[in-house]
Amino acid sequence: MIQPIVFIVVTITAFGLAFVQYKRIRRNVLLGQDEAIEGPSSERWRNMLLVAFGQKKMFKNWIPAIFHLFIYVAFLLTQIELIEILVDGATGHHRIFAEPLGGFYTFLISFIEILSLLAFVATIIFLARRNLLKVPRFHKPEMKGWPFKDANLILYGEILLIIGIFSMNGADMVLQSMGAEGYHQTGAFAVSSWLGPTLFGGLDAGTLMVIERFGWWLHVLVVYAFLNYLPISKHLHILLAFPNTYFARLTPRGQMKNMPEIQKEVAAMMNPEAAPSSTESQEETMPVFGASDVFHLSWRDLLAAYTCTECGRCTAECPANITGKKLSPRKIMMDVRDRMEEVSKNIDSKDPKFFPESPQTMLPNKLGYDDGKNLFDYISREEIHACTTCNACVEACPVLINPLDIILQLRRYEILVESSGPSDWLPLFNSLENSQSAWAMSTPRDAWNQ
Ligand code: SF4
Ligand code: SF4
């Protein structure tokens, strides 16, 4: 009787704490600018199924992709076993689905066991690759400290989960063979039917029951710990890869977003009669030119920052990074997330100093928030200037993230709001303004067409 009560209390606490954290993440994503979701939903579903569920982009490199798939599928399917654990835990039953499902139950648990074994091998290989082989993309400057620990922690968690599964099932197999009370026959599970007797054969029933319960609780507690750990970890992508791929922009790669305010200005220059009257233009709300903080980025960019797996595939392909520049598209995504977390903490503190009557920010934000900092405290000018806008990072990302969009927004702010930027860009701007071309030529831009 005590176990179901303890289980229910632990479960409600774990889900309650997780709910607060996921609600906070949703609020943070919605701090961004509205952006319409265009394009057919069929294409979005296709993207989600192929890229998030099917891991399509991971298979550019087969070997790590297959090991990643083992961990991912094992993790997903283990949650089926978790449904039974939840029902058993709350009702005090033991393997409640075994009898009604019969042979299918044996097949399902055996399948999960084989995947768990493959996931165990993959986890050891990933730990070795990260810590012994020193793959360069895992050891860039932005991966020092917490990001490096975070990557290892989830792998240790995965090992604990697998230990839980095999302790639980292995001891159960031996108890079943002894005819212990309450341990009904489930058929032989693919791995634990031989692993159980190998590890626990010869132990008495009391010890086996302790091992079985230990495995059961370890499984439950590791899953609850994952649930609460994900919101502070890069592994949030396990959940957010699905919405992120669904909501990813469907526009052709490299197509830049037009700025309607600038378009209006240019149209007015070309045709002054069509220009809005001064009262009309005063009534319009202050436009946002580019972005200096998370409030000015689209909610899609903020969702992407939480989805970033910190895998570094973008940085490994970035020509600026490869040629020794400071720019790393992965760091751009990590910085946006870190800044979002800082803003989130300050908002939650409800300290009035973060909501002054007259915010000093150059661009408005919907909360009137001002902590005297912005994204440029995380991302240097040197980084954003180094981008060649080649889109290699966008192409490389396995979960359809677009770091380039954020870089362009920061550059737009720097140029349009601060009127600054590298001095060697100025001749280009002057030429564009005076001769509508990148080169200072007096020949009309469309002269080649004559
Ligand atoms: S678009 Fe910019 S950040 Fe992305 S790969 Fe190219 S140079 Fe690097
Ligand atoms: S942006 Fe994409 S490719 Fe780059 S680190 Fe994040 S998940 Fe990996």
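The values are calculated or read from the model by the stated rules, or taken from the named source; none is laboratory data. Keep in mind that this is a model prediction, so the values were computed, not measured. Every residue, glycine among them, receives a Cβ derived from its backbone with ideal geometry; neighbour counts consider all protein chains shown. With ligands, DNA and RNA removed, areas are computed over all heavy atoms of the protein, side chains included. Shrake-Rupley method; radii C 1.70, N 1.55, O 1.52, S 1.80 Å.
Table for the structure above
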read-out: Residue within segment 66-89 that is farther than 30 Å from Leu127 by Cβ, open to solvent by less than 50 Å² (accessible area, probe 1.4 Å), within 22 Å of the chain's Cα centre (by Cα) and small (Gly, Ala, Ser) present; value: no
read-out: Selected residue [of a type in the set (S, T, N, Q) and open to solvent by less than 40 Å² (accessible area, probe 1.4 Å)] from Thr309, Thr323; value: Thr309
read-out: Which listed residue is modelled with pLDDT of 90 or more and either more than 16 Å from ligand 1 (Cβ to nearest atom) or assigned to a loop (DSSP other than H, G, I, E, B) (or both), from Glu280, Glu310, Glu273; value: Glu310
read-out: Qualifying residue in segment 180-192 (condition: outside any loop (DSSP other than H, G, I, E, B) and free of Cβ contacts under 8 Å to residues at least 60 places away in the same chain); value: no
read-out: Near pairs, Cβ below 7 angstrom, 6+ apart or cross-chain, from segment 387-400 (within 18 Å of Ala248 (Cα to Cα)) to any residue that is assigned to a loop (DSSP other than H, G, I, E, B) and within 6 Å of ligand 2 (Cβ to nearest atom); value: Pro398/Cys311; Val399/Thr309
read-out: Filter result (of a type in the set (S, T, N, Q) and surrounded by 15 or more Cβ atoms within 10 Å (Cβ to Cβ)) within segment 201-238; value: Asn228, Ser233
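Matching residues to (1) assigned to a loop (DSSP other than H, G, I, E, B); (2) touching a strand residue (DSSP E or B) at 6+ places or on another chain (Cβ under 9 Å); (3) within 10 Å of ligand 1 (Cβ to nearest atom):
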site	(1), (2), (3)
Val288	yes, yes, no
Ala291	yes, yes, no
Ile332	no, no, yes
Asp338	no, no, no
Pro356	yes, no, no
Pro359	yes, no, no
Leu363	yes, no, no
Gly368	yes, no, no
Pro398	yes, no, no
